[in-house]
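These notes concern the structure reproduced below.
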Amino acid sequence: MFLSVFEMFKVGIGPSSSHTMGPMVAAARFLDMMRASPFEFAGVRASLHGSLAFTGVGHATDRATILGLAGFSPDTYDADKAEVALAALAQTQTLTPPGLGRLKFDPKADLIFDYDTKLDGHANGMILMATDAQGDVTLREVFYSIGGGFVMTEAELAAGKATDEGAPIPFPFKSAAEMLEMSVASGKNIAQMKRANEVSRGCDESLKKGTARLWQVMNDCIDRGLETDGILPGGLSVRRRAKGIHDALQAERGMNLNAPHTINDWMSMYAMAVNEENAAGGQVVTAPTNGAAGVLPATLRYYLDHVPGASEAHIEDFLLTAAAIGGLVKYNASISGAEAGCQAEVGSAAAMSAAGLCAVMGGTPQQVENAAEIALEHHLGMTCDPVKGLVQVPCIERNGLGAIKAVSAASLALRGDGTHLVPLDACIETMRQTGVDMSEKYKETSLGGLAVNVPNC
């Protein structure tokens, strides 16, 4: 099993990796299928199913699908060009993706929110179709947005999880137990094994540049969030809070009046800054998803800004360790809120962050595994119930608390020797089983929980 650090952490746009980035990626893939087809096409259509239908408007799924069919991609997204494309569509009811000419597309008629038809493969399903001059469908593909910006076709999903067909890697661990066994046998820590795997598929220089860019985008996102205030879009009138908290904390510095727990406000603030940017449709990095994108940057920023002896030289080790843990969770359970609730998103993010922090603070591989398990264990059962389908309430604050749990988990693990009762593998399997048993109301459909008990206006 190999999942690159650059698959786990992807630069994209808010507010959702599964509901915004995924549909845009799926549409881009469908355009490639159209370009490779011998048929001539005159139009395109789309239908959204399951969670993509129920919370699609709040997550901008309709907008993302349209822009994807227009030729936009999350990693190169240009907001100004997107607005120009949408304005042109409103006037002409046609899309002009590169290499395909003019395609008829009326958003009101050709983009359907199908609340009744559930596709079998995953809660986040969509069908994309291309039509000929008579309006008949001549190309059709079912896509599933499986969380974290990952997209699979119906056939790819049916083929199973073990779809990596690349060259062999030095440390092909598929479980935490295997990871620790390989660590003991090789004398390498988790980051070193993960680095060896990455380099075997790429090169050392591209790894350094790539991880540096990931942190730069994450850190820039924090800084933008700390400098911006106002009301978030979507109709809930949620006010940005990170800037105000930051201003207050800065004013209190040097007064020697702060209680020790004030450090929690710093961690929450960093995370909230990211998720407020995400809610506003800004540039973020999946970590492992957009809805949980604030936990890891907040934990890493806490380390760099508040831990004595912290060094930027350890950033790559932090990200590699976190990616190794995230890969185990994704492979053996899920990182999708629509599949397993928020335990799969913020829970996974906290486990990844705790592992990364524990590693850069000198933890052994056994302590790192323990830190990840503690963080995930104490998110088990967490539902995904966004009010009005927006990635705002309870998502923004939930990232702050996820960061606090991650730091606490790493600290607890470092106080021990790595010996503990519940293995990480057992915790991941428990999360998977809990997700299977969880009611669909609590899986990013906004049909239960806070989503129905809090007024939406």
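For the residues ALA406, ALA351, the requirement of being within 23 Å of SER311 (Cβ to Cβ) and either in contact with a helix residue (DSSP H, G or I) (Cβ under 7 Å, 6 or more places away or on another chain) or of a type in the set (A, V, I, L, M, F, W, C) (or both) singles out ALA406.
Tally up the residues in the stretch 162-171 that are at pLDDT 95 or above and loosely packed, with under 13 Cβ neighbours inside 10 Å, please.
The first filter runs over the stretch 162-171 and keeps only residues at pLDDT 95 or above, leaving 169-171.
Filter once more, keeping what is loosely packed, with under 13 Cβ neighbours inside 10 Å: none.
So the answer is 0.
Restricting the stretch 62-87 to residues that are within 17 Å of the chain's Cα centre (by Cα) and touching a residue at least 60 places away in the same chain (Cβ under 8 Å) leaves a set whose member that is least open to solvent (accessible area, probe 1.4 Å) is PRO74. For the stretch 154-161, the criterion of a residue being more than 23 Å from ALA324 (Cα to Cα) and open to solvent by less than 50 Å² (accessible area, probe 1.4 Å) is satisfied by no position. Does at least one position in the stretch 308-319 carry a residue that is in contact with a strand residue (DSSP E or B) (Cβ under 8 Å, 6 or more places away or on another chain), open to solvent by less than 40 Å² (accessible area, probe 1.4 Å) and not aliphatic (A, V, I, L, M)? Among the residues of the stretch 308-319, not one is in contact with a strand residue (DSSP E or B) (Cβ under 8 Å, 6 or more places away or on another chain), open to solvent by less than 40 Å² (accessible area, probe 1.4 Å) and not aliphatic (A, V, I, L, M), which makes the answer no.
Only one of the listed residues (PHE113, PHE6, PHE41) is in a strand (DSSP E or B), surrounded by fewer than 22 Cβ atoms within 10 Å (Cβ to Cβ), modelled with pLDDT of 95 or more and aromatic (Phe, Trp, Tyr). That residue is PHE113. All told, VAL151 meets the bar of being aliphatic (A, V, I, L, M), at pLDDT 95 or above and either closer than 19 Å to SER353 by Cβ or open to solvent by less than 70 Å² (accessible area, probe 1.4 Å) (or both). Pairs are defined by a Cβ separation below 9 Å, a sequence spacing of at least 6 or placement on different chains, a first member in the stretch 177-195 that is modelled with pLDDT of 95 or more and in a loop (DSSP other than H, G, I, E, B), and a second member that is of a type in the set (Phe, Trp, Tyr) and surrounded by 14 or more Cβ atoms within 10 Å (Cβ to Cβ); the pairs so defined are LYS188/PHE171.
Please verify whether ALA359 is hydrophobic (A, V, I, L, M, F, W, C), free of Cβ contacts under 8 Å to residues at least 40 places away in the same chain, open to solvent by 10 Å² or more (accessible area, probe 1.4 Å) and farther than 30 Å from GLY125 by Cα, treating the condition exactly as stated. Against the criterion (hydrophobic (A, V, I, L, M, F, W, C), free of Cβ contacts under 8 Å to residues at least 40 places away in the same chain, open to solvent by 10 Å² or more (accessible area, probe 1.4 Å) and farther than 30 Å from GLY125 by Cα), ALA359 does not qualify. Within the stretch 392-439, the set of residues being under 21 Å from GLU369 (Cα atoms), open to solvent by 10 Å² or more (accessible area, probe 1.4 Å) and hydrophobic (A, V, I, L, M, F, W, C) comprises LEU401, ILE404, VAL407, LEU412, LEU414, LEU421, VAL422, ALA426.
The values are calculated or read from the model by the stated rules, or taken from the named source; none is laboratory data. Bear in mind that the values here come from a model prediction, so they are computed numbers and not experimental data. As a convention, Cβ positions derive from the backbone with ideal geometry for all residues, glycine included, and neighbour counts pool all protein chains shown. In case anyone asks, the SASA skips ligands and DNA or RNA and just uses the protein heavy atoms, side chains included. Shrake-Rupley method; radii C 1.70, N 1.55, O 1.52, S 1.80 Å.
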